[in-house]
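Report on one structure; see the data block that follows.
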Amino acid sequence: MGGAITDTLSRVFGALADPTRRDMVARLSEGDATVSQLAEPYRMTLQAVYKHLRVLEEAGLVSRPRGPQPRPVRLELQALDLMDTWIERRRVQAEQRYRRLDAVLAEMKEDEHGQDHGDSD
């Protein structure tokens, strides 16, 4: 993956490292919400909520369309798609590695059994 994509992934994973921001993303996956609606369950100031949203915006995870207040906060799926692609590539690589390991182990087991039979003759 190129440098720009790597930088974006770093921002996305960094933004999601915080449990409050992960919770906000989870809530937004159910539908758009205003900042006030997002702030409701948290014991923090609106200023703190805006700081969390700014991190999510800079990572490309959420957007707030221009217009009059209250503006909805919207989840941006492109950032999630990027993460999904990255994770899926790692999963495929790991699965291929495990399949190769399984094949080597099966081969070793066959060789072991073949030697056992040869010794008993």
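The stretch between ARG66 and ALA94, if pulled fully straight at 0.36 nm per residue, gains 5.8 nm over its current Cα-Cα span. On a 0 to 90 degree scale, rounded to 10, what angle separates helix 46-58 from the longest Cα axis of the chain? Once rounded, the angle reads 50 degrees. In terms of packing, defined here as the mean over residues of other Cβ atoms within 10 angstrom, the peptides 51-57, 94-100, 11-17 line up highest first as 51-57, 11-17, 94-100. Computed on the chain, with alpha-carbon pairs under 8 angstrom and 6+ residues apart, the relative contact order is 24 percent. Against the longest principal axis of the chain, how steep is helix 77-120, in degrees 0 to 90 to the nearest 10, with axes from Cα atoms? The angle comes out near 10 degrees.
Backbone amide hydrogens, once placed in the peptide plane, bring THR34 within less than 5 Å of VAL73, excluding anything fewer than 5 places away on its chain. Charge dipole of the chain (Cα centre as origin; +1 on each Lys and Arg Cβ, -1 on each Asp and Glu Cβ, all else neutral): 1420 debye, rounded to the nearest 20.
Over the residues of the stretch 3-120, compute the C-alpha Rg and express it relative to 2.2 N^0.38 Å. Intermediate values should be presented prior to the final figure.
Working: Rg = 23.8 Å, N = 118, 2.2 N^0.38 = 13.5 Å.
Rg over 2.2 N^0.38 Å, computed on Cα atoms: 1.76.
When the Gaussian network model of the chain links Cα atoms closer than 10 Å, the mean-square fluctuations of VAL92, VAL73, VAL49 top out at VAL92. In this Cβ point-charge picture (+1 for Lys and Arg, -1 for Asp and Glu), the stretch 1-53 has a dipole of about 160 debye about its Cα centre.
A short reminder: the numbers here are calculations on the coordinates, not readings from a lab. What you are looking at is a predicted structure, and each value in this text was computed from that prediction instead of being measured. Every residue, glycine among them, receives a Cβ derived from its backbone with ideal geometry; neighbour counts consider all protein chains shown.
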